[in-house]
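Read through the structure below, which is laid out as structure tokens, and then see the notes.
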Amino acid sequence: MSTEKTYLCDEYKLYFKIEDDVQILHNEVELYNTSFVGNNSFCHEEYIDGQRALTYSIPAMITMNQFITKKIHRDELVDIMFSIADQLMYLKANDMPLGKVILNIGYMYLNLEDMSVQLVFLPIDKPMEKCNMEKFVRDLVNKLDFANKKASDCGYELIKFFDHNSSFYLSEFYKMITDMKNDNNVHPEDEQHFIVRPQKAEAIEDKEVPLQTTVVSTPSFKLAKEVKDYSGNDIGFDDDSDITSTTVLTNASKSKPGPVIVRTRTGERIKIDKPIFCIGKSAQGVDYQVTDNNSVSRRHAYIINVNGVYYLRDNKSTNHTYLGGKIINSGTDMMLIDGSKFKLANEEFTFREK
């Protein structure tokens with residue numbers, strides 16, 4: 001068995017072919033490659049099969065396209081928009097044209113630990129269209145499936161900003177998003193912000209019951225995902241071409257029947273039919289609801305599909321997630337294989353590939 005199957009793929013490699021007469025601006029490459037406000041991407045020039053290309057190494061856990069297949073909560077939407085606006089502010093402050101950022105969810109990658117978005121910036125000497133933040137935000141909000149009214153109200157606030165401002169100023173948009181994020185911190189929505197305090201005698205019915213556990217440290221296994229096939233499709237920057245038509249050279253995901261998890265206590269078989277599958281006791285924003293176990297957190301854990309390989313991720317749960325009897329540290333993803341047994345608090349499941 002290949003050792004690669006032991007690790008989480010947490011890095012995307014993208015290749016953009018460029019014409020020989022297009023100049024790469026190395027000062028912009030250097031600025032982009034500097035780690036800043038959520039961006040940890042790395043870009044450099046190389047030749048692949050004799051073809052000049054810009055290569056990007058993007059540390060992320062999932063594509064934005066995959067992420068928005070789940071129901072979106074307010075805090076998630078705010079964090080995503082803040083990360084994007086924060087990076088645009090950095091680029092603007094360093095005189096890097098915002099039109100060179102690909103504002104398209106097909107070219108955005110997400111780190112689930114802090115909801116930071118990795119943006120792709122094209123450091124080339126080529127005229128680009130102006131940054132159309134309004135179109136991006138409107139298109140994104142229209143694609144989202146909101147988990148609750150708080151989330152949909154947040155989406156409405158984003159749209160309302162553009163309805164009430166005929167001209168777009170990044171600094172004003174950034175201020176609005178910052179205010180929304182600060183309000184998020186004061187009035188948190190996610191379960192990880194609800195801390196169970198044992199010293200209180202009263203128990204709130206909606207809160208999960210903390211279990212007595214001993215935390216076992218587990219290593220974080222991660223391995224960069226290399227692109228196996230280099231497509232022969234041309235990726236030029238013709239004057240009359242739209243940047244959104246640029247092709248990302250990555251392996252296409254093969255469609256196949258999804259696996260299932262079997263709940264030990266009830267024998268129920270739950271099909272994993274989404275790239276990000278959330279399990280928890282919340283009535284909203286989960287793909288499988290555990291209705292009869294208060295030890296399980298509201299959004300306890302995720303099962304994540306990365307190119308057909310499935311990983312288990314704890315979502316800062318109160319009573320932890322276990323794989324093979326060992327606690328999974330929050331932010332660490334462990335691969336699931338056929339027959340893997342895992343627990344959300346004291347609720348046991350078995351992962352089955354078919």
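Remarks
- Meets criteria (out of contact with any strand residue (DSSP E or B) (no Cβ under 6 Å at 6 or more places or on another chain), more than 17 Å from Asn111 (Cβ to Cβ) and not assigned by TED's automatic domain parsing to the domain that holds Lys149) for Gly339: yes
- Count - residues of the range 301-329 that are within 21 Å of Lys71 (Cβ to Cβ), within 17 Å of the chain's Cα centre (by Cα) and not in a strand (DSSP E or B): 2
- Criterion: at pLDDT below 85, of a type outside the set (A, V, I, L, M, F, W, C) and within 20 Å of Leu88 (Cβ to Cβ) - qualifying residue of Ser2, Ser41, Ser35: Ser35
- Qualifying residues in the range 68-87 (those that are in a loop (DSSP other than H, G, I, E, B) and of a type outside the set (D, E, K, R)) - the one farthest from Lys143 (Cα to Cα): His73
- Apart from one condition, Glu28 fits all of (1) closer than 30 Å to Cys154 by Cβ; (2) assigned to a helix (DSSP H, G or I); the exception is (1).
- Check on Leu54, touching a strand residue (DSSP E or B) at 6+ places or on another chain (Cβ under 6 Å) and crowded, with 17+ Cβ neighbours inside 10 Å: yes
The values are calculated or read from the model by the stated rules, or taken from the named source; none is laboratory data. Note that the structure is predicted; figures quoted are calculated from it, not measured. With ideal geometry, Cβ positions are generated from the backbone for all residues, glycine too; neighbour counts draw on all protein chains shown.
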